[in-house]
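These notes are about the structure you will find just below.
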């Protein structure tokens, strides 16, 4: 009985010694980045000049905040990809 147990353990151990090379690839960035930016404000036809100036200022602020978030995401992605590639050489 011990011979069978020893043979069984030998078979199990030899099966574990097989090494399969695994290569991991960093995922590609999506074509369209899904960072949601808020809708820009619009004005009606009877808007005052002060309302126009306020809306333009808010829209510029909204646009550039979203642009900064997108740029930060792209920089983060490129940094993570560089780190990944250095670790997996």
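Among 77-83, 20-26, what's the highest-first ranking by average C-beta atoms within 10 angstrom per residue?
Working: 77-83: 12.1, 20-26: 6.6.
Packing order, densest peptide first, comes out as 77-83, 20-26.
At 7 Å along Cα-to-Cβ for each site, give me the label-to-label distance between residue 79 and residue 42 in nm.
So the two model labels end up 3.9 nm from each other.
Would you report the distance distribution of C-alpha pairs in segment 24-87 as whole percents per 10 angstrom bin, up to the bin with the largest distance?
Answer for segment 24-87: a P(r) of 18, 32, 22, 15, 9, 4, 0 percent.
Bear in mind these aren't lab numbers, they're just calculated from the coordinates by the rules spelled out. Keep in mind that this is a model prediction, so the values were computed, not measured. Cβ atoms come from the backbone with ideal geometry, glycine included; neighbour counts cover every protein chain shown.
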